[in-house]
Structure formats: structure tokens, C-alpha cells
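Here the structure comes first, spelled out in C-alpha cells, and everything after it is commentary.
The values are calculated or read from the model by the stated rules, or taken from the named source; none is laboratory data. Model, not experiment: these values are computed from the prediction. Heads up, the Cβs are rebuilt from the backbone with ideal geometry, glycines too, and the neighbour counts pull from every protein chain shown. When the accessible area is computed, the model is the full protein with side chains, heavy atoms only, and any ligands, DNA or RNA have been set aside. Shrake-Rupley method; radii C 1.70, N 1.55, O 1.52, S 1.80 Å.
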Amino acid sequence: MTPEGLERAARMVADSGLLAVSSGAGMSRESGIPTFRDAMEGLWARFDPQELATEAGFRANPRRVWSWYAWRRERVLNACPNPGHVAVAQLAEIVPELVVVTQNVDGLHADAGSRGVVEVHGSIRRVRCLDRGHAFTGELPPYTEGEEQDPPPCPVCGSPLRPDVVWFGEMLPVDAVQRAWSLAGRCGAMLLIGTSGTVWPAAELPLVARRSGARVIEVNPHPSELTHAADVFLQGPAGEVLPALLAAIRTAAR
Ligand code: APR
């Protein structure tokens, strides 16, 4: 990221009125959560995430898919928000209106203090049953690295429990989609953080914002499929760029 880029981005954020933040897995990378496409570390390297993160994959091997999510949930619950999450939460205190839309299922934006986060891919912290969608609010069995667990049965209908996340081929939650797309159409600027832009429909959000006249600022160590749509590309990790952007906005506001 360059000082000029930071300054331009700071002005766009300061002038945005309504700032939309759209984050992907890169947002949580510095919290120790692997991005989706490198989430297959160690034990799971031999499986294809696109196979595990599907209903068919779960029905074919509930034990393996439930255990993979139990492993990821354990990592999420032991993770802390990084300076990037904190900077986004603090941004909300200095711009007129800020709403976070995230593809992440880890809940770290909320842990950092962001309120009203729109989770378009659900949450790994929530569990529901496969056949009827009964929300499960009980205690889940503890998970230790390397073990395989059977998904517990739903206490209401007996069908196996599953993570309350959006699997490949599934519809996104209707209310989250309505809020996210409405926000993209109304915002003055969108801060696009840590997404490869390879998964639709979430990848469309910055394009909706741009078509509606918003400025798009991208934060990513590498160019993505969406960099072409950005007015400013702040190259670098979220945990460094976002605190620097926050400081630049505070300086400009003096
Ligand atoms: N800060 C910011 N961005 C980062 C960082 C970092 N420290 N480290 C990596 N990135 C970027 C990568 O360059 C990449 O562009 O984060 C992006 C991660 O891309 P993906 O792994 O594809 O994650 P994401 O775009 O969120 O995937 C979208 O696909 O697999 C599904 O449901 C899953 O929500 C996920 C969705």
C-alpha cells in the first residue's frame, strides 16, 4: 500500500456516508484461521474442501464432515480477532454508518465489537439438524485434534446435526442476502477485504456497489478476481492495512 493510496482511500471512506465492509477468509488469516483454500492443512490435506462442504458429502460420510467442522470450530473458538477486525469495529465509531457483510463463518467481527454483522455464509458456531433445520442450542461434545466423531442426533427429530453454514450448492440465507444486496446498492463506498472473489453470489457485492456509484477499496496482499473493480487497491495484509487506513482517516478528520 502507498501513502497516496491510503490517502485516497481515507477520503473515499470519510465521504462515504454509508460504508459497507465486505470481508472474506483473508480477514481472519492473521487470527490463525486458514483461508478456505488453504484450510486443508495437516490431517485434512487428503480431502477436497468442495467435497466436504456439501450436503452430499455430509450424507455420504457424516462422521468425516462433522469432524472436519468440529476441528475448524475448535480453531475458531480458540482464535482472537486480529488488528484488522478491531480497526473495522473502530471505523464504525468515526463514519456516519457502517455495516459489515462477511463470507466468514468464524464470528470474529462480532468478537471485535462489530454489531449487526451480515453473515451470508452462516456461522460455524451455530448448529442445526439436517432434515428439519431445528436450531441446536445444547452443549456439543468437546473435540480433540485427530479424532473422528459421529454427528449427534437432533434432540427434537433425531436427524443428524450439521453446522449452520452455507454448503456449496445451497441457497444463501434470504434475510442476509436481502440486507447485503440492499447495502451494496446504497453505500457510498465498499471496503472489500480478503476475498479471492471466486465464489458467487457474494463476489457480486462490490460490482453491485460500483454499478450504484459507490467507490470500491480493496485490501488484499494479492490481486483478486475483483481487483479490476476497485478504485483503490491497498496491497497488504488486513491486520496492517486496516489500522493504517483508520489512522489516515483520523488524521484527515482533524
Ligand atoms: N489479509 C487480507 N487478505 C488476505 C490475507 C490477509 N492477511 N491472507 C490472504 N488473503 C487473501 C488471499 O489473497 C485471497 O484473495 O484472502 C483471500 C482468500 O480467498 P479464499 O480462500 O478464496 O476465501 P474467500 O474469498 O473468503 O472464499 C469465499 O468460498 O470456500 C467458500 O464459503 C467459503 O466463504 C468462503 C468462500
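Matching residues to (1) away from the ligand (no atom under 16 Å from the Cβ); (2) touching a Leu at 6+ places or on another chain (Cβ under 7 Å):
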{"position": "Ala87", "(1), (2)": "no, yes"}
{"position": "Val105", "(1), (2)": "no, no"}
{"position": "His109", "(1), (2)": "no, no"}
{"position": "Ser114", "(1), (2)": "yes, no"}
{"position": "Arg126", "(1), (2)": "no, no"}
{"position": "Cys157", "(1), (2)": "yes, no"}
{"position": "Glu170", "(1), (2)": "no, no"}
{"position": "Gln178", "(1), (2)": "yes, no"}
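Need the failing condition index for Ala112 against (1) in the same structural domain as Glu55 (by TED's automatic domain parsing); (2) at pLDDT 95 or above, just the number.
(1)
Name the residues in the range 153-177 that are more than 16 Å from Arg59 (Cβ to Cβ) and either touching a Gly at 6+ places or on another chain (Cβ under 9 Å) or not in a loop (DSSP other than H, G, I, E, B) (or both), would you?
Pro155, Asp164, Val166, Leu172, Pro173, Val174, Asp175, Ala176, Val177
If you go through the range 102-130, how many residues are surrounded by 20 or more Cβ atoms within 10 Å (Cβ to Cβ) and over 13 Å from the mean Cα position of the chain (by Cα)?
Summing the residues that are surrounded by 20 or more Cβ atoms within 10 Å (Cβ to Cβ) and over 13 Å from the mean Cα position of the chain (by Cα) in the range 102-130 gives 3.
Can you name the residue in the range 18-37 that is open to solvent by less than 70 Å² (accessible area, probe 1.4 Å) and within 7 Å of the ligand (Cβ to nearest atom) and, of all such residues, is modelled with the lowest pLDDT?
Out of the qualifying residues, it is Phe36.
Consider Glu7 carefully, then state whether it is of a type in the set (Asp, Glu), open to solvent by 30 Å² or more (accessible area, probe 1.4 Å), away from the ligand (no atom under 16 Å from the Cβ) and not in a helix (DSSP H, G or I).
no
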